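Structure first, commentary second.
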Amino acid sequence: MSVVIVYVLFILGFFFLIYGADWLVDGASSLARRMQISDLVIGLTIVSFGTSAPELAVNVIASFDGKASLAISNILGSNVANIMLVLGASALVRPLLIQKNTTWKEIPLSILAGVLLAVLLNDVLVDNSGTNVLSRGDGFVLSAFFIIFMYYTFSLVSGGEQELSESDSEEHGTEIPVWRAIVMSVAGLIALPVGGNWIVDGAVQIAQDIGLSESVIGVVIVGVGTSLPELAASVMAAYKGKTDIAVGNAVGSNIFNIFWVLGLSAMIRPLPFDIQMNADLMMVITASVLLFAFTLIGKNRRELSRGEGMLFLLGYAAYLIYLFTFHRT
């Protein structure tokens, strides 16, 4: 593919992200209202699964090609971005209401996913093994947790444990027809990963043109690039007042990425782990712990405020400076 085409698709990718996010949020939230399903559940499932498609595609290809460092660093970089960049930017658009279930169940599950991954990756530290590797057995363990997560999520629907937000219960004068809501949702699910992929390709080309190393490209550009669908979907959801979708998308994507994407990647081929990436792994856990802490402190304990969103963005900027300056050479 010529460089010119890569740059053209790079620009078009942003249009796909913006319009894809708009279609997905409107279509999915309309279907949720008709089916009496909360925006949070839609965010945790349909939107999270759709926006995690780029991570899944990158990791499956990387696993088949034997590029273990790309498969792991992509998920670590993406998960940090999902909390600190995606939720930080979304909170600046509109303070994000955090549902009780999210505070006490989904966010702790996201923390558990990071801690479990740290244990499974650090064989040398945990059991004095000769090498660090995410084995096929570890992949089955992660996938089993993913099944448990999906069972829990769908039990919210069947068990009637959903906590409806104000946007869930609002009456809308003009409801989107079912067929159109389905088409919009599917179109959004397709447009987001396609646009994200084009932007990643363009960003990699730009990075190579200005002389960045492959490791920086893998950790920062691919990791952040595959989080662009989450960023677009969550910011658009926040703008439209669908804060449950914004939060559910980011938290759900982190759980999907570790339990499902890395689990599947390890089952395809065991993934050796560079101990140097433990700093990134700790950042994944720290981001989720901070999110949990922010929901328990402050004047409104159930809201991620604009100030806290700004702290996330500043923390993410500091993390990127660290990566470019010290971590990857």
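Each reported figure results from applying straightforward, stated rules to the coordinates on display, with no laboratory input. Small disclaimer: the values here were computed from a predicted structure and weren't measured. Positions of Cβ are generated from backbone atoms using ideal geometry, with glycine treated the same way; all protein chains shown enter the neighbour counts.
For the reader, a short list of remarks on this structure follows.
- Sorted ascending by nearby beta carbons within 10 Å, beginning with the fewest, 19, 316, 322 become 322, 19, 316.
- The stretch 278-289 - phi-based ³J(HN,Hα) in whole Hz, Karplus 6.51/-1.76/1.60, Gly and Pro as x: 4, 5, 5, 5, 5, 5, 4, 5, 4, 4, 5, 5
- Karplus-derived HN-Hα couplings along the stretch 90-99 (A = 6.51, B = -1.76, C = 1.60, θ = phi - 60°), whole Hz, x at Gly and Pro: 5, 5, 5, 5, 7, x, 9, 6, 9, 5
- Modelled FRET efficiency - R0 51 Å, residue 35 with residue 310, Cβ distances, 0.05 increments: 0.90
- Take the Cα radius of gyration of the stretch 3-327 and divide it by 2.2 N^0.38 Å, N being the number of residues; the result is 0.95.
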